[in-house]
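To start, the structure under review is shown below, and the notes come after it.
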Amino acid sequence: MASADVFAQRATLRRSVRLLSEFRFEQSDPARFYGTLATDTAAMVGDLWRDFHGGSAAGRTLLDVGGGPGYFAAAFADARVQYLGVEPDPTEMHGTRTELTSNAGAFVRASGMALPFADNCVDICLSSNVAEHVPRPWQLGAEMLRVTRPGGLA
């Protein structure tokens, strides 16, 4: 399946309505909204990896820039992807950790603007709801590309 087909299959009215319906809980019940978003994102990353590489993303290393309290960690743990979260704000990183997220993946306190990782060290690098909070989003993108292995997903 070509990548455009992956997006076309995922870009449905049902998916949009589900995510938008959950967004109304973003402030009152963040675990509900971000959990839904994380599950959807993990499925999308899995589909894209499968499309490009012909196999599962299980066992691959994923760096989540701006991982916050770890909602995405739990979703990627369920997908058997090795999760590493980066978060500059310690209150975000520890504030709402739950039993679900506390045992999923590893977390590093750092900025996405200067990732403390070697070049080409992760298979997948993603960021959700971060670019609008940084002064130079192009620098964030460049850092994400720098740490992603050739043939990986960013």
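The values are calculated or read from the model by the stated rules, or taken from the named source; none is laboratory data. All figures in this text were calculated on a predicted structure; none of them were measured in a lab. Every residue, glycine among them, receives a Cβ derived from its backbone with ideal geometry; neighbour counts consider all protein chains shown. All accessible areas refer to the heavy atoms of the entire protein, side chains included, with ligands and DNA or RNA removed. Shrake-Rupley method; radii C 1.70, N 1.55, O 1.52, S 1.80 Å.
Of all residues in segment 56-87, which are among the small types (G, A, S), open to solvent by less than 30 Å² (accessible area, probe 1.4 Å) and assigned to a loop (DSSP other than H, G, I, E, B)?
A57, G66, G67, G68, G70
I'm trying to understand the selection: among the residues of segment 49-68, which are closer than 22 Å to E143 by Cβ, at pLDDT 95 or above and of a type outside the set (D, E, K, R)?
W49, A57, T61, L62, L63, V65, listed by residue number.
Report, by residue number, each residue of segment 7-28 that is of a type in the set (A, V, I, L, M), under 22 Å from G68 (Cβ atoms) and either open to solvent by 40 Å² or more (accessible area, probe 1.4 Å) or outside any helix (DSSP H, G or I) (or both).
L20
From the list F33, F72, F52, which one is within 30 Å of A114 (Cβ to Cβ) and touching a strand residue (DSSP E or B) at 6+ places or on another chain (Cβ under 6 Å)?
F72
Kindly indicate the residue of segment 129-146 that is at pLDDT 95 or above and under 19 Å from T41 (Cα atoms) and also most open to solvent (accessible area, probe 1.4 Å) among those meeting that condition.
L145
Whether any residue in segment 109-128 is under 27 Å from Q9 (Cα atoms), open to solvent by 20 Å² or more (accessible area, probe 1.4 Å) and part of a helix (DSSP H, G or I) is what I want to check.
No, because not a single residue in segment 109-128 is under 27 Å from Q9 (Cα atoms), open to solvent by 20 Å² or more (accessible area, probe 1.4 Å) and part of a helix (DSSP H, G or I).
Sort out which residues of segment 69-98 are modelled with pLDDT of 85 or more, out of contact with any Ser or Thr (no Cβ under 8 Å at 6 or more places or on another chain) and small (G, A, S), and write them in order of number.
A77, A79, G85
Identify, from the list A42, A31, A38, A4, the residue that is hydrophobic (A, V, I, L, M, F, W, C), assigned to a helix (DSSP H, G or I) and over 16 Å from the mean Cα position of the chain (by Cα).
A4
Being farther than 20 Å from R32 by Cβ and under 14 Å from the mean Cα position of the chain (by Cα) is true for just one of G151, G105. Which residue is that?
G105
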